[in-house]
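To keep things clear, I will list the structure first and then write my remarks on it.
The values are calculated or read from the model by the stated rules, or taken from the named source; none is laboratory data. Nothing here was measured: the structure is a model prediction, and the numbers come from that model. Don't worry about glycine lacking a Cβ; one is built from the backbone with ideal geometry, like all the others, and counts go over all protein chains shown. For the accessible areas, the whole protein counts, side chains as well, though only heavy atoms, and no ligand, DNA or RNA atoms are used. Shrake-Rupley method; radii C 1.70, N 1.55, O 1.52, S 1.80 Å.
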4 protein chains.
Amino acid sequence: MSINHLEQFTITRNRTEDICAPLEIEDYVVQPIIDVSPPKWHLAHSTWFFEQFILVNHAKDYEIFHEDFAFLFNSYYNNMGERSQRHHRGFMTRPTVSHVLEYRKYVTKKMQELIQDNPSQEVVDLVEIGIRHEQQHQELLVYDIKYILGSQPTHPSLGNYFDLKAEAHQQEWIKVPGGLYNIGYQGDAFCFDNELPVHKQYVQDFSISTKLITSGEYLEFINAGGYKNFDLWHEEGWHFINNNNIETPLYWQQQDGKWFCYTYNGLEELNRDIPVMHVSLFEAYAYAEWKGMRLPTEFEWEIASDKFNWGQVWEWTNSAYLPYPGFTKVEGALGEYNGKFMVNQKVLRGSSVATPPGHERPTYRNFFGAGNRWMFAGFRLVKK
Amino acid sequence: MSINHLEQFTITRNRTEDICAPLEIEDYVVQPIIDVSPPKWHLAHSTWFFEQFILVNHAKDYEIFHEDFAFLFNSYYNNMGERSQRHHRGFMTRPTVSHVLEYRKYVTKKMQELIQDNPSQEVVDLVEIGIRHEQQHQELLVYDIKYILGSQPTHPSLGNYFDLKAEAHQQEWIKVPGGLYNIGYQGDAFCFDNELPVHKQYVQDFSISTKLITSGEYLEFINAGGYKNFDLWHEEGWHFINNNNIETPLYWQQQDGKWFCYTYNGLEELNRDIPVMHVSLFEAYAYAEWKGMRLPTEFEWEIASDKFNWGQVWEWTNSAYLPYPGFTKVEGALGEYNGKFMVNQKVLRGSSVATPPGHERPTYRNFFGAGNRWMFAGFRLVKK
Amino acid sequence: MSINHLEQFTITRNRTEDICAPLEIEDYVVQPIIDVSPPKWHLAHSTWFFEQFILVNHAKDYEIFHEDFAFLFNSYYNNMGERSQRHHRGFMTRPTVSHVLEYRKYVTKKMQELIQDNPSQEVVDLVEIGIRHEQQHQELLVYDIKYILGSQPTHPSLGNYFDLKAEAHQQEWIKVPGGLYNIGYQGDAFCFDNELPVHKQYVQDFSISTKLITSGEYLEFINAGGYKNFDLWHEEGWHFINNNNIETPLYWQQQDGKWFCYTYNGLEELNRDIPVMHVSLFEAYAYAEWKGMRLPTEFEWEIASDKFNWGQVWEWTNSAYLPYPGFTKVEGALGEYNGKFMVNQKVLRGSSVATPPGHERPTYRNFFGAGNRWMFAGFRLVKK
Amino acid sequence: MSINHLEQFTITRNRTEDICAPLEIEDYVVQPIIDVSPPKWHLAHSTWFFEQFILVNHAKDYEIFHEDFAFLFNSYYNNMGERSQRHHRGFMTRPTVSHVLEYRKYVTKKMQELIQDNPSQEVVDLVEIGIRHEQQHQELLVYDIKYILGSQPTHPSLGNYFDLKAEAHQQEWIKVPGGLYNIGYQGDAFCFDNELPVHKQYVQDFSISTKLITSGEYLEFINAGGYKNFDLWHEEGWHFINNNNIETPLYWQQQDGKWFCYTYNGLEELNRDIPVMHVSLFEAYAYAEWKGMRLPTEFEWEIASDKFNWGQVWEWTNSAYLPYPGFTKVEGALGEYNGKFMVNQKVLRGSSVATPPGHERPTYRNFFGAGNRWMFAGFRLVKK
């Protein structure tokens, strides 16, 4: 395996630890909602992945670090044995953070030896997957850390972390002619199974905005009573916001008539020029309805993506997360990776400021439930 | 308005009452699960629709039957005022069944007078919608009655009601060539807004079965441990069957090694030759995975539908229920009709033995949640 | 067995049916909250009791009416076989009301024959218990019917039913000297096992009111902010009222500044002179705290009960429902009758306008959970 | 204030920190069930008590340590302002453990200065209460730490901590003659308000065991099918064990036919000679029923307590936690202390190995819900 892979592996492992560096030990442990995993869990789970899928089978005379860890840090890889219950992750005080960091060090070293030792193509491919997997958890870590700190009544600050910039450019409409387009990843570098096979999609003429909806624009929707007007909402969305008392994006609050927003710098006055984020699909849809427009499909987004800037926040599309025609899931445990989530999820395209370098592909298909709000997700509009 | 409309209206109103004819008064009242409405509620709600959307606005000097009914029998037409809470429908003992039947008689008569009185095109269109709406509730009535009676430990029988026939024909694979196809309703009779606009979809070559999966085939899946093998299931489906202790289709049970199934004739020995029904999308998907095949998309189904028989049970597709390109929802209260459900629902195509005459269109887009099982839904397969 | 027993039995059976006479069939079926059983269930369960505990074992050649009924209308007599799940009672449409009435007629006749046929003392005792049991269900029927009708948005009226009279007499304080008193039933007529054995209790001097708290007095507590002042409440009571949004007794509501109350005559303006009822123990306690007084213990109540009028509503005491010293539960299925409820329940003393004749004993120990409100329960105060 | 008070205060503060000494930082943060508070919370809350109730009002020029802490570490003292939601305690990562320890140091020092400075009797009394309050939390800390560590799949060990000894003495029955007894605290040292006033209770003759039920004896109950025999259980207890799948005391498990129990030393083979603990009132009651005996009342226990050894585990009584005749709650915020819990709780008498020195009084009235199991609670029997 090339030096390049070794370097990439090492950079990835270090980057995960860097993301956690500003945390206190206490911050590593808790799980305030089911979607948010304790940072300690991410640290261990991404390590477990390398141990279980690579070292155990491919490293000569490998001794596993600790027998309990396989059980404790499995997530949904049912094939690998009974997993620890997801909503109990936040009760796990042992192993400690420092024990997990030892685990990381041990596995990193063993992996580095394996990578340097001229491994088979199978191992090379698994390392590639393992790196991607850890990078995906890096982005979740950034979200989860925000949620954990944002749940503290004391609004702690991490200082400079992952900040958005203003959408400073002029808003314009890009006209895209209808027709048959190829969709899916056509390069020869890495991509996930859900980006394949390349296939044709017929789309109609459409016009898409060059600019994301900003916090300031979204505030107009709030002020216009958008959250009180059921005509704008999906039936399920209307129940969602009412059952959860949702009247703003996550992390927003009003004090004495002024709008504030929790950021990694603590509670700050709302910046109206940056893209709105921490909204659900339901809210993005309602905003679009209010404007008499709509969200793009994932195909429209992919086709037009070289015509606008993207990369600050993931962008909701109105496409359901479904297999491309001819999609086949990988055999074995890694086959659980993507296909099993292809129901009741919506596709998001693009990337965010928290996305690890190398994950920004216009064909990348991220997905979340329509009610998820803790990730960095915003949206742009298409004319009806 | 033509005699034809008057006749169609009258036939529809009578048919609803015929469907309920074998019930005892007690059967009209209960709501054993949130999805199942009391038959009394269907009787009243379909009547309320005519009263609120047509008579109140278009019949001269119309006096509403009872002022409480507008509140009580609204469903999700939020535009028409606060609705009664859905999960309280089964506590409503008043108005009584006989009072509701009076309400029906009163509104039917007033509607008949209006239809005979040369109404405007707007009214004609609303009558059309009202008839379709009542017909949709007729089918739900058939499902709900089955669920209510099937919940009785005494397994009551209604006698001849809505029975399936054996899928007697030989199973064959129809090859359909890929290419651009027109999708959507192209006739000039009635269709729902969600079947429009007609638009192009590109599909790949595919092979679809001429035959629905039967109860006997599905039993093999059960016997092969299909419900115990997580590899076959969506992540959400796996939780669904485990949290709800699901190990068979709804209404199936095993006694002393023999398989029985609740039908309108009471608890009967399982008929292995009829199409399997009362399965969720999750179960249909898992069965397909087990066979190494897949469910059709709604476009594939529509394209191939003139090449096989359908009409015994609705057929799950793997398509999400989404707007066709260019879809616009109708203005006003009727605009809530379809668009607001276009999230987290799957499309079913075809029709069932319980479908009212005139609703069998190959372009008809029925939809349910992936976990719904009380409706008449089965599936056919497509080769991967 | 004496004519007297036959007469008593027949009167009891008829009275149960008289209580249900004003109902529509629909009213017999529903269960709006877990505590409220469908009237049909009461009709059948009280009949089942005679069939299972007497006829099956003691009537020659008795043929049970229907084999399903034993399963369906058991309540918590676990000894008698698996019981139907309590919260499913409101889904049971079959057997129908008329089938249940046939069941009653059949069992009544068989019982009458048995009673006339010179039965053993064991049977006589069981008949006595069966009559008491049915009478207890009569009182629950009155409560449950009120709850079912009171849940209807249309506020139906039953006309003259079970009405309270004004507490017209002057309020006075009765001083009772402390000392050792005998507690428990000392007569030689029927009493329940929980009223025995007679035993001594030492009480201190106390002063008890001759008058129940009225609706008008309770309204002052509401107007004084009683429901907003946590100092007055038990910790559990404070959560109870807040989690359930309780701000008034059950059935009260305010419209345009006026107070109304649902009664068997429909929604009526609040009568301030009758005893307040439909309050929980928590509310009675909070009122007492507000007044700087307290609720009586069940012993104080019993000792003083010949010194004031009682019988309009059951009266909350601050005593927990516990066995008297030396209490022994009866062997066999009837042994489940009382002892198994002796935890986390409070004792109520007296009787109500809905109490069947013959159940008004000063030693009678009724019991409910501290949060129950649908029964006829009020309270009187004792000076601290 | 005497040197004695200063010493007692200082000893108490140190002891709390000693109890936490073996913990890892991660162990301080989590809340695996609602009853268990994070150790960090106990550390802070007991400190907050001194700050809010004493320093703020009585220490000259006192500056509060941090304004957020008053909000964060209030428990149910509603009088002192809005409290942080109890079930969110386990999401609180900030303030950190070390910040909380600084808070402790700051408040301890200020309190020591105040105590040395000849304080008023009011302050002396409050210090007394504050010490008792912190001692009560010390005992909860011991329970909570066990639950947190016992929830870890890795069964961590703390080494020597709070261990029980065998009940080595011979079991005997002490006969106590009935009559009038004085109940309540009659000394002139500290007692809680719920131990007063001293008053008379009449009890009947009874015989009480000199020995607690042991794990070995309890195992016989399990092996005899005690958890499967509904005749032995309260109705509520039967639902409790079935809804929670309870078949053994908390912390017990069977592996390959052998019985193990989680202790502070990790998972150990069950010691059959020590008193059974971690059973609910429901289980203690069922065991007594199985033996044909009963639990003592709290009065019987108090009367007989100088005739047997106690102090290893708290002992369930069958008495409800109710005010003694003439009980008055203290004015102000401290008045919330005991009276507000006097509903739906059972009294436990004695003390446990985790009880802080000075809390072992035969008149001490501890209380828990009938379903609580995480505290050190066992039981002894009385003959029926």
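Considering only residues that are part of a helix (DSSP H, G or I) and surrounded by fewer than 21 Cβ atoms within 10 Å (Cβ to Cβ), which ones fall in the range D:23-40? Even if it seems obvious, please write down each step before you answer.
Narrowing the range D:23-40 to residues part of a helix (DSSP H, G or I): D:25-28, D:39-40.
Selection gives D:ILE25 alone.
Every residue, every condition in (1) more than 25 Å from the chain's Cα centre (by Cα); (2) surrounded by fewer than 19 Cβ atoms within 10 Å (Cβ to Cβ); (3) part of a helix (DSSP H, G or I); (4) among the aliphatic types (A, V, I, L, M), yes or no:
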{"position": "B:ILE241", "(1), (2), (3), (4)": "no, no, yes, yes"}
{"position": "B:PRO249", "(1), (2), (3), (4)": "no, no, no, no"}
{"position": "B:ASN271", "(1), (2), (3), (4)": "no, yes, no, no"}
{"position": "B:HIS278", "(1), (2), (3), (4)": "no, no, no, no"}
{"position": "B:ALA288", "(1), (2), (3), (4)": "no, no, yes, yes"}
{"position": "B:TRP301", "(1), (2), (3), (4)": "no, no, yes, no"}
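Does A:ASN194 satisfy the criteria of being surrounded by fewer than 18 Cβ atoms within 10 Å (Cβ to Cβ) and either out of contact with any helix residue (DSSP H, G or I) (no Cβ under 8 Å at 6 or more places or on another chain) or not in a strand (DSSP E or B) (or both)?
No.
Can you confirm whether D:GLU102 is surrounded by fewer than 19 Cβ atoms within 10 Å (Cβ to Cβ), in the same structural domain as D:GLU26 (by TED's automatic domain parsing) and under 14 Å from D:LEU55 (Cα atoms)?
no
Looking only at the range A:138-191, filter to residues that are more than 22 Å from A:ALA377 (Cα to Cα), away from chain D (no Cβ under 13 Å) and of a type in the set (S, T, N, Q); which one of those is most open to solvent (accessible area, probe 1.4 Å)?
A:GLN186
Being within 21 Å of C:LEU348 (Cα to Cα), in a loop (DSSP other than H, G, I, E, B) and not assigned by TED's automatic domain parsing to the domain that holds C:LYS146, is that true of even one residue in the range C:225-233?
Yes.
So A:LYS200 ticks every box in (1) at negative phi; (2) open to solvent by 10 Å² or more (accessible area, probe 1.4 Å); (3) more than 14 Å from chain B (Cβ to nearest Cβ) but one. Which box is left unticked?
Failing condition for A:LYS200: (3).
Which members of the range B:1-55 meet the condition of being within 14 Å of B:TYR106 (Cα to Cα) and within 14 Å of chain C (Cβ to nearest Cβ)?
B:LEU43, B:ALA44
Among the residues of the range D:82-118, write down those that are part of a loop (DSSP other than H, G, I, E, B) and not basic (Lys, Arg).
If the condition is that a residue be part of a loop (DSSP other than H, G, I, E, B) and not basic (Lys, Arg), then D:GLU82, D:SER84, D:GLN85, D:MET92, D:THR93, D:PRO95, D:THR96, D:ASP117, D:ASN118 are the ones that fit.
Answer yes if at least one residue in the range B:367-377 is assigned to a strand (DSSP E or B) and surrounded by fewer than 23 Cβ atoms within 10 Å (Cβ to Cβ), and no otherwise.
Checking the range B:367-377: at least one residue is assigned to a strand (DSSP E or B) and surrounded by fewer than 23 Cβ atoms within 10 Å (Cβ to Cβ).
Of (1) under 19 Å from C:GLU172 (Cα atoms); (2) surrounded by 23 or more Cβ atoms within 10 Å (Cβ to Cβ), C:LYS307 satisfies all except one. Which?
It fails just one condition, (2).
Go through the range D:251-261 residue by residue and tally those that are assigned to a loop (DSSP other than H, G, I, E, B) and either of a type in the set (Val, Ile, Thr) or open to solvent by 70 Å² or more (accessible area, probe 1.4 Å) (or both).
Residues of the range D:251-261 assigned to a loop (DSSP other than H, G, I, E, B): D:251, D:256-257.
If we keep only those that are either of a type in the set (Val, Ile, Thr) or open to solvent by 70 Å² or more (accessible area, probe 1.4 Å) (or both) as well, we get D:256.
Of the residues in the range D:251-261, 1 are assigned to a loop (DSSP other than H, G, I, E, B) and either of a type in the set (Val, Ile, Thr) or open to solvent by 70 Å² or more (accessible area, probe 1.4 Å) (or both).
Hey, could you check the range A:211-228 for residues that are in contact (Cβ under 8 Å) with a residue 24 or more places away in the chain and surrounded by fewer than 17 Cβ atoms within 10 Å (Cβ to Cβ) and say which is nearest to the chain's Cα centre (by Cα)?
Here the residue is A:GLY216.
Just checking, which of D:GLN85, D:GLN112 is at pLDDT 95 or above and not assigned by TED's automatic domain parsing to the domain that holds D:ARG373?
So the residue among D:GLN85, D:GLN112 that is at pLDDT 95 or above and not assigned by TED's automatic domain parsing to the domain that holds D:ARG373 is D:GLN112.
Test A:LYS109 against the criterion of being within 22 Å of A:GLN138 (Cα to Cα) and either exposed (fewer than 15 other Cβ atoms within 10 Å of the Cβ) or touching a Cys at 6+ places or on another chain (Cβ under 8 Å) (or both), and give yes or no.
yes
Consider D:ILE222 carefully, then state whether it is part of a helix (DSSP H, G or I), out of contact with any helix residue (DSSP H, G or I) (no Cβ under 8 Å at 6 or more places or on another chain) and within 23 Å of D:ARG380 (Cβ to Cβ).
It is true that D:ILE222 is part of a helix (DSSP H, G or I), out of contact with any helix residue (DSSP H, G or I) (no Cβ under 8 Å at 6 or more places or on another chain) and within 23 Å of D:ARG380 (Cβ to Cβ).
Does A:GLU300 fit the bill of being of a type in the set (D, E, K, R) and away from chain B (no Cβ under 11 Å)?
Considered against the rule, which asks whether it is of a type in the set (D, E, K, R) and away from chain B (no Cβ under 11 Å), A:GLU300 comes out as no.
Being without any contact (Cβ under 8 Å) to a residue 12 or more places away in the chain and either more than 26 Å from the chain's Cα centre (by Cα) or within 11 Å of chain A (Cβ to nearest Cβ) (or both) is the filter here; which residues of the range D:103-126 pass it? Walk me through it before giving the result.
Within the range D:103-126, the subset without any contact (Cβ under 8 Å) to a residue 12 or more places away in the chain is D:105, D:109, D:117, D:121, D:125.
Across the range D:103-126, the qualifying residues are D:LYS109, D:ASP117, D:GLN121.
Can you name the residue in the range B:45-54 that is free of Cβ contacts under 8 Å to residues at least 60 places away in the same chain and surrounded by 22 or more Cβ atoms within 10 Å (Cβ to Cβ) and is also farthest from B:GLU122 (Cα to Cα) among such residues?
B:TRP48
What are the residues in the range A:6-22 that are open to solvent by less than 50 Å² (accessible area, probe 1.4 Å) and farther than 17 Å from A:GLN116 by Cβ, if any?
A:THR16, A:ILE19, A:CYS20
Can you run down the residue pairs with Cβ atoms below 7 Å, 6 or more apart or on separate chains, where the first is in the range A:245-271 and hydroxyl-bearing (Ser, Thr, Tyr) and the partner is surrounded by 16 or more Cβ atoms within 10 Å (Cβ to Cβ) and assigned to a strand (DSSP E or B)?
A:TYR251/A:CYS261; A:TYR251/A:TYR262
Would you say D:SER37 is closer than 30 Å to A:ILE33 by Cβ and at pLDDT 95 or above?
yes
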